[in-house]
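All remarks here apply to the structure that follows.
Just so it is clear, none of the values below were taken in a lab; they were calculated from the coordinates. No experiment lies behind these values; they were computed from the predicted model shown. Cβ atoms come from the backbone with ideal geometry, glycine included; neighbour counts cover every protein chain shown.
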Amino acid sequence: YLLSRTSDSDTAFAVVKIDEKLSDSVLSTLNNMDEILTIKQLAV
């Protein structure tokens, strides 16, 4: 889990590492939370 903020912004961002791809329903649930502005899933 990484949490950071740019020096010229009040907006923080977080990176959460998990061991499998999230389902579309989980992504939708997270995206509908008021505290989350944008959510992106990356696969490496």
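Considered as a group, the residues in the chain that are over 13 Å from the mean Cα position of the chain (by Cα) and among the aliphatic types (A, V, I, L, M) include one that is surrounded by the fewest Cβ atoms within 10 Å (Cβ to Cβ), and that residue is Val44. Looking across region 5-23, the residues that are farther than 16 Å from Ile39 by Cβ and either part of a strand (DSSP E or B) or not acidic (Asp, Glu) (or both) come down to Arg5, Thr6, Ser7, Ser9. Here Thr38, Thr29, Thr6, Thr11 are screened, and the one residue that is among the hydroxyl-bearing types (Ser, Thr, Tyr) and in contact (Cβ under 8 Å) with a residue 24 or more places away in the chain is Thr11.
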